[in-house]
Amino acid sequence: MYLSDKAARLSDRAVRLPFPAALLAGCTAALLLQPAPGASAAPLAPAAAARRDFPGGGSTVALPLPAGAGLAPRTTRPFELLGVGWDGPAGALADGAVRVRTRDAATGRWGDWHTLEADTEDGPDRARHGATAPLWTGRSDGVAVEVRPGPAGPLPGLRLELVDPGAGAPAPAATRTLPAAAREGHQAPRPGIVTRAGWGADESIREPGYEYTGPVKAVFVHHTATATDYACSDAPRVIRAIYQYHVKTSGWRDIGYNFLVDRCGTVYEGRAGGIDQPVHGAHTLGFNTDSSGVAAIGTYVDADPPQPLLDGLAALAAWKLGLTGQSADGRTKLTSASDASRYPKGTAVDFDAVSGHRDAFNTECPGKALYARLPALRAAAAKLQAP
């Protein structure tokens, strides 16, 4: 099914939408929920949860939802992001609904109900099983879940996943990557990039090895649909949480994005395999080949993207496209690999070299405010490529 963006008008720390309104979490995003007064919580029964701990102090707790049942309000171990996964295709949730509410660990206040939707607009072109888009909650210690199955009936293996990003894994031993072969023209300086070790990626949880595509011809811009006023020092926690969810809940080999950029303009390495390599990502369904996906951390539906963020996106696009001699303000052709994209599988599509996610999929991502700035971003990137 085709989804529009779920990031509709997020405030600094609040979302207020009634069930069963569909909030579309564009760009495999994490949405933000502000707790409010409400429910009481029962203790979490230890036998009900399966916990996976990671070397950096992070963890994922899976709470089974047997026969599609929900969970009454309950106390949990602290977490900062959640989502729901199941054994089966993403489309199995069609015309059904899952909604959650969480309790703020600092204030003890419960938030309003928040609807989750199946994440079908990002990810590998051949997903292993279904999951909702992740919800970034901030530090929370309580949760409640309600499930309404669709016509397909209860989802097999339905489970709630609670993600604690922890403090980050110790830096791994250095690994060697081959330099990219650069063509003549359109070269730009490489921006400073925080490595996976820098944001604390636990390399033991992803699949070993790397996947590569042909030369990168296009950069797809996304937003993560998290809060826009976060402290930039907290960006690594958001990235670690999304990484753990993509791998452990969605079943992807690694985080979906090739790069991320925070509101202060800091660029982060995403999927492993070498920043100067054509790493096969899971960011734009149908067009993950011969492209690179970069996610702006924040929600840019109505909020204007900060200039440092735009500068970071432009610098990254200029450098990454320059490695293959691609002009940042030019056009390029990519071939759809999935009928679930905006274009049938096998269709050759003409894209801007710097495009938005919505250009390839029926979504509002990267938000109308950021999408409106893409023409200026292309021009700025092309200027950086000028000799």
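The values are calculated or read from the model by the stated rules, or taken from the named source; none is laboratory data. Quick caveat, the model's predicted, so the values are computed rather than measured. Virtual Cβ from ideal backbone geometry, glycine too; neighbours counted across all protein chains shown.
Selection within the stretch 249-307: residues that are within 13 Å of the chain's Cα centre (by Cα) and among the aromatic types (Phe, Trp, Tyr). The member of this set that is farthest from Ala231 (Cα to Cα) is Trp252. Among the residues of the stretch 359-369, is there at least one that is under 18 Å from Arg190 (Cβ atoms) and surrounded by fewer than 23 Cβ atoms within 10 Å (Cβ to Cβ)? Taking every residue of the stretch 359-369 in turn, none turns out to be under 18 Å from Arg190 (Cβ atoms) and surrounded by fewer than 23 Cβ atoms within 10 Å (Cβ to Cβ). Number of residues in the stretch 321-357 that are in a helix (DSSP H, G or I) and modelled with pLDDT under 95: the value is 0.
Among the conditions (1) closer than 23 Å to Ala106 by Cα; (2) at pLDDT 70 or above; (3) in contact with a Ser or Thr (Cβ under 8 Å, 6 or more places away or on another chain), the only one that Leu71 does not satisfy is (3). The number of residues in the stretch 332-346 being free of Cβ contacts under 8 Å to residues at least 40 places away in the same chain and in contact with a strand residue (DSSP E or B) (Cβ under 7 Å, 6 or more places away or on another chain) comes to 1. Answer yes or no as to whether Ala133 is at pLDDT 65 or above and under 23 Å from Gly251 (Cα atoms). Here the answer is yes, as Ala133 does meet what is asked.
The set of residues in the stretch 191-211 being acidic (Asp, Glu) and without any contact (Cβ under 8 Å) to a residue 60 or more places away in the chain consists of Glu207 alone. Among the residues of the stretch 264-281, at least one is in contact with an Asp or Glu (Cβ under 6 Å, 6 or more places away or on another chain), buried (at least 22 other Cβ atoms within 10 Å of the Cβ), of a type in the set (Lys, Arg) and more than 25 Å from Gly138 (Cβ to Cβ).
Is it the case that some residue within the stretch 264-274 is more than 23 Å from Asn362 (Cβ to Cβ) and either assigned to a helix (DSSP H, G or I) or outside the structural domain of Asp350 (by TED's automatic domain parsing) (or both)? Scanning the stretch 264-274, I find no residue that is more than 23 Å from Asn362 (Cβ to Cβ) and either assigned to a helix (DSSP H, G or I) or outside the structural domain of Asp350 (by TED's automatic domain parsing) (or both), so the answer is no.
Residues in the stretch 222-263 that are closer than 21 Å to Arg52 by Cα, in a helix (DSSP H, G or I) and of a type outside the set (A, V, I, L, M, F, W, C): Pro236, Arg237, Arg240, Tyr243, Gln244, Tyr245, His246, Lys248, Thr249. Can you go through Leu63, Leu81 and tell me which one is touching a Lys or Arg at 6+ places or on another chain (Cβ under 8 Å) and in a strand (DSSP E or B)? Only one candidate qualifies: Leu63.
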